[in-house]
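The values are calculated or read from the model by the stated rules, or taken from the named source; none is laboratory data. What you see is a predicted model; the values in this text were computed from it and never measured. With ideal geometry, Cβ positions are generated from the backbone for all residues, glycine too; neighbour counts draw on all protein chains shown. Keep in mind that these areas ignore ligands, DNA and RNA; they rest on the heavy atoms of the full protein, side chains included. Shrake-Rupley method; radii C 1.70, N 1.55, O 1.52, S 1.80 Å.
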Amino acid sequence: MITIGQLARYVGVSTKTVRVYHDKGLLPEPDRDASGYRRYGANDVIDLIKIRTLAEAGVPLARIRDLRSATDTEFQQALREIDDELTARIRGLRASQGRLRRLAAGHLAPLPAEVGTYLEHLVHRGFTPRWVNLQRDLWILVFATHPDQAVTLFQEQAEILADPASRQLFLDYDRAHDLDADDPRVDDLARRIADATRERYGPGERPELDAASEIPALIQCTVNAASPAWQRIDTLIRAQLDA
């Protein structure tokens with residue numbers, strides 16, 4: 001007969017772990033000797049080895065308790081179920097790891113690959129980091145709230161940016177961020193953007209999100225709040241298109 005300390009050392013666990021197994025009903029607690037110490041035999045060592053092996057394999061303690069009285073068929077079935085559960089957990093952990101890595105790379109929310117490529121091209125085409133970051137945040141908002149329409153809207157904007165004349169308007173808009181709101185260049189830029197918009201769409205409706213959606217107004221408010229010049233450009237454009 002051996003003590004709890006010897007039992008723990010033989011099996012490679014702590015005495016605290018043995019006591020936890022006693023408390024949870026996994027390992028029967030033996031009688032104490034005349035000195036008040038628990039005494040364990042060979043069967044206890046074997047049982048503890050089995051418990052430790054299952055626990056290290058990822059089997060929850062509550063399931064281990066149930067498996068002690070299971071038939072061989074029930075035991076094998078339970079192990080298959082636990083294996084499936086572990087596979088699902090691993091898949092979830094890998095997905096979480098991927099999200100963490102995207103966060104570490106500065107991506108607060110996932111965007112389609114083509115949007116990431118588009119944003120990289122903006123840098124090479126002369127747009128400021130401020131503009132690229134703003135575009136990233138706004139596309140995150142659109143794809144998160146209107147995933148079905150976001151692709152169409154994105155393709156529309158990518159097509160516009162592919163045209164040199166239209167791209168120059170966006171570059172001028174980007175650089176207008178630091179202008180005074182009453183700078184004459186603000187009025188000229190608003191006129192040119194309004195003219196280009198009428199030329200592209202004519203009297204038809206421009207592509208946009210659902211009429212009931214508050215996201216377009218939220219986006220425009222975010223843009224306007226970034227620069228007094230941008231806010232005035234928006235006001236002038238709306239006035240000219242509504243005239």
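Summary table
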{"read-out": "Accessible-area value, Asp188, 1.4 Å probe, nucleic acids and ligands omitted, Å²", "value": "60 Å²"}
{"read-out": "Per residue solvent-accessible surface (Å²) - region 61-195, probe of 1.4 Å", "value": "63 Å²"}
{"read-out": "Burial ranking of peptide ranges 53-62, 232-241 (average Cβ count within 10 Å, highest at the top)", "value": "232-241, 53-62"}
{"read-out": "Degrees between helix 164-175 axis and first principal axis of the chain (Cα, 0 to 90, nearest 10)", "value": "70 degrees"}
{"read-out": "Around Arg39: net Lys/Arg minus Asp/Glu count, Cβ-Cβ under 14 Å", "value": "-2"}
{"read-out": "Rounded tilt (10° steps) of 215-225 against the dominant C-alpha axis of the chain", "value": "70 degrees"}
{"read-out": "Accessible area expressed per residue, region 1-48, with surrounding protein chains retained (probe 1.4 Å, Å²)", "value": "61 Å²"}
{"read-out": "Charge tally in the Cβ shell below 14 Å around Phe75, where Lys, Arg are +1 and Asp, Glu are -1, Phe75 excluded", "value": "0"}
{"read-out": "Region 27-101, relative contact order [Cα under 8 Å, separation at least 6], %", "value": "15 percent"}
{"read-out": "With Cα atoms, 0 to 90° folded angle of helix 129-145 axis to the chain main axis", "value": "70 degrees"}
